[in-house]
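Asker: The structure follows.
The values are calculated or read from the model by the stated rules, or taken from the named source; none is laboratory data. As the structure is a prediction and not an experimental result, all values here were calculated from the model. Quick reminder, even Gly has a Cβ in these numbers, built from the backbone with ideal geometry, and neighbours come from all protein chains shown. Just the protein is used for accessible areas: all its heavy atoms, side chains included, with ligands, DNA and RNA removed. Shrake-Rupley method; radii C 1.70, N 1.55, O 1.52, S 1.80 Å.
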Amino acid sequence: MHLEHLLTAGHEMLACVTGPDRPQGRGMKVTVSPIKQAAIDRKIPCLQPVTLKDKEIVDVLKTYNADIFVVVAYGRLLTQEILDIPKMLCMNVHGSLLPKYRGAAPVNWAVLNGEIETGVTVQKMALSLDAGEIIAQEAMSIAADENADQLRRRMAVQGAKLLIKVLDQNPAGQFPLTPQDEKAVTWAPKLTKEMGAIDWKSRARSIMDQVRGLAPWPGAFTFCNGKMLKISQIELSTEDTFKFSPGQVIKTGRDGFYVACSDKALLIKEVQPEAGKVMPASSFVAGYKITQGFSFNL
């Protein structure tokens with residue numbers, strides 16, 4: 001996304017740096033990353049170092065005599081030696097309104113925490129994680145039913161546009177730099193599989209944010225007859241939970257099935273059984289004979 005925007009806007013791309021090719025999927029087939037494929041298609045040199053600490057990669061980067069390094073979702077900290085290579089600076093597009101949500105998963109944590117607003121930040125990179133001076137920011141709203149994957153796609157577009165705007169408005173490299181407020185820092189650490197376990201005794205809104213925030217990975221899940229069941233689409237419901245305990249099915253229908261939480265009910269619309277494919281919750285109900293009163297458990 002950002003690479004395509006840079007090229008379309010007419011900026012000269014000397015080289016791309018991305019991670020090594022890795023096996024993916026059930027067949028563990030080695031696949032080319034989208035960044036590498038775009039570089040190949042555009043005949044741009046593509047570097048794939050295993051580590052950025054080797055003298056060899058540092059020496060190669062120096063040969064390009066670049067004005068700016070642009071870093072997007074690279075997932076590794078740059079050394080000070082690399083940060084000092086470009087003539088102007090290293091800049092990064094980050095998926096939050098820094099200093100909020102520094103770290104690996106800012107988009108997910110904004111949704112997990114029920115935020116109604118987030119944004120994108122272009123920052124001058126520093127040695128400390130996401131602690132660089134802010135060049136530009138733009139806020140954006142988070143829809144109540146939007147999951148992290150959907151939000152990330154929207155943010156990629158807005159982040160790419162902001163990056164181009166920053167570069168085009170400052171061709172001489174005189175970027176406005178605003179230090180971050182260290183007292184306002186919050187963190188967005190890496191996600192873990194364990195975070196996906198649903199506690200039906202939680203409030204319905206909290207569980208909905210969990211499902212939204214952990215999409216597509218690691219995914220929120222419960223257990224059905226001892227087997228994991230991922231919940232991929234969900235919405236708040238006004239169904240009465242008075243006679244039901246948290247985790248019990250209130251009723252089933254064409255839209256899926258309704259589960260009681262500590263305060264309200266949730267309509268489960270799409271699920272993925274263990275070792276199975278994503279399916280409508282109504283199909284799951286029919287196939288697994290889920291009826292009123294059935295209890296999901298941790």
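Asker: Rank these by accessible area, largest first, 1.4 Å probe: MET13, MET155.
Answerer: MET13, MET155
Asker: Among SER262, GLN248, PRO218, whose Cα sits farthest toward the positive end of the charge dipole of region 165-285 (+1 at Cβ of Lys/Arg, -1 at Cβ of Asp/Glu, about the Cα centre)?
Answerer: GLN248
Asker: Separate question: Which whole-angstrom value gives the distance between the alpha carbon centres of region 164-208 and region 103-155?
Answerer: 4 Å
Asker: Given region 228-298, what count of lysine pairs have C-alpha atoms under 12 Å apart, with each pair 8 or more places apart or on different chains?
Answerer: Final tally of qualifying lysine pairs is 4.
Asker: So what is the relative contact order for the chain, in percent, with contacts set as C-alpha pairs under 8 Å and at least six apart?
Answerer: With pairs under 8 Å counted, the relative contact order is 13 percent.
Asker: Another question, if that's okay. Could you tell me the relative contact order of region 1-158? Use alpha-carbon pairs under 8 Å, at least six residues apart, and round to a whole percent.
Answerer: Reported relative contact order: 17 percent.
Asker: Give me the distance in nm between label points sitting 7 Å out from Cα along the Cα-to-Cβ direction at ALA197 and ALA139, one decimal.
Answerer: It is 3.7 nm.
Asker: Work out how much length GLU182 to ALA131 would gain on full extension: take 0.36 nm times their residue separation and subtract the Cα-Cα distance, in nm to one decimal.
Answerer: 17.5 nm is the gain from fully extending GLU182 to ALA131.
Asker: What residue among GLY132, GLY19, GLY196 has the largest mean-square fluctuation in a Gaussian network model of the chain, using Cα springs under 10 Å?
Answerer: Result: GLY19 has the largest fluctuation of those listed.
Asker: Using the basic label-point model (7 angstrom from Cα toward the beta carbon), what is the LYS43 to THR291 distance in nanometres?
Answerer: A separation of 7.0 nm, rounded to one decimal place.
Asker: Under a 10 Å cutoff between Cα atoms, tell me which one of ASP199, ASP67, ASP21 has the largest fluctuation in the Gaussian network model of the chain.
Answerer: ASP21
Asker: Turning to a different aspect of this structure: Give, rounded to the nearest 20 debye, the magnitude of the charge dipole that region 192-290 has about its Cα centre when Lys and Arg contribute +1 at Cβ and Asp and Glu contribute -1 at Cβ.
Answerer: Computed charge dipole of region 192-290: roughly 140 debye.
Asker: Considering the chain as a Gaussian network with a 10 Å cut-off on Cα pairs, which listed residue, ILE85, ILE68, ILE40, attains the greatest mean-square fluctuation?
Answerer: Among ILE85, ILE68, ILE40, the largest GNM mean-square fluctuation belongs to ILE40.
Asker: The chain: longest stretch without exposed GluC sites (Glu not before Pro) (DSSP loop, at most 13 other Cβ within 10 Å), sites themselves excluded?
Answerer: My reading of the result: 13-273 is the longest stretch.
Asker: 7 Å from Cα along Cα→Cβ at both LYS190 and PHE223: what's the point-to-point distance in nm?
Answerer: 2.6 nm
Asker: Which three semi-axes in whole Å describe the equivalent ellipsoid of region 1-145, each the square root of 5 times a Cα gyration tensor eigenvalue, listed largest first?
Answerer: Taking √(5λ) for each eigenvalue gives 26, 20, 16 Å, largest first.
Asker: Which shape class applies to region 1-74: rounded if a/c is under 1.5, otherwise prolate when a/b exceeds b/c and oblate if not, where a ≥ b ≥ c are the square roots of the Cα gyration tensor eigenvalues?
Answerer: Here region 1-74 falls in the oblate category.
Asker: So for region 176-277, averaging the separation of alpha carbon pairs under 8 Å that are six or more residues apart and normalising by length, what relative contact order in percent results?
Answerer: Worked out over region 176-277, it gives 25 percent.
Asker: Could you list the chymotrypsin sites (Phe, Trp or Tyr not before Pro) in region 192-257 that lie in coil according to DSSP, counting only those with at most 16 other Cβ atoms within 10 Å of their Cβ?
Answerer: PHE242
Asker: Hey, can you find the accessible area per residue of the chain for me, probe 1.4 Å, expressed in square angstrom?
Answerer: 54 Å²
Asker: Using only the alpha-carbon atoms, what does region 158-218 span along each of its principal axes? Please give whole angstrom values in decreasing order.
Answerer: Computed over the Cα atoms, the extents are 56, 28, 20 Å.
Asker: Work out the charge dipole of the chain with +1 on the Cβ of Lys and Arg and -1 on the Cβ of Asp and Glu about the Cα centre, then indicate which of LEU6, ALA66, ALA286 is farthest towards its positive end.
Answerer: Of the options given, the answer is ALA286.
Asker: With a 1.4 Å probe and all protein chains kept in place, how much accessible area does THR51 have, in Å² rounded to the nearest 10?
Answerer: Using a 1.4 Å probe on the heavy atoms, I get roughly 50 Å².
Asker: On to the next question. Mind pulling the angle between the C-alpha long axis of helix 204-213 and the longest principal axis of the chain? Nearest 10 degrees, somewhere in 0 to 90.
Answerer: The angle comes out at about 40 degrees.
Asker: Something else about it: Can you list which of the chymotrypsin sites (Phe, Trp or Tyr not before Pro) found in region 58-98 are DSSP loop residues with at most 16 other C-beta atoms within 10 Å?
Answerer: Sites meeting the loop and neighbour criteria: TYR64, TYR74.
Asker: Which of LEU112, HIS94, MET208 sits closest to the plus end of the dipole of the chain, meaning its Cα is farthest towards the positive end, when Lys and Arg get +1 and Asp and Glu get -1 on the C-beta?
Answerer: About the Cα centre, the residue reaching furthest to the positive side is MET208.
Asker: Quick one: dipole size for region 58-187, taken about the Cα centre, charges +1 on Lys/Arg Cβ and -1 on Asp/Glu Cβ, in debye to the nearest 20.
Answerer: Using Cβ point charges on Lys, Arg, Asp and Glu, region 58-187 gives about 160 debye.
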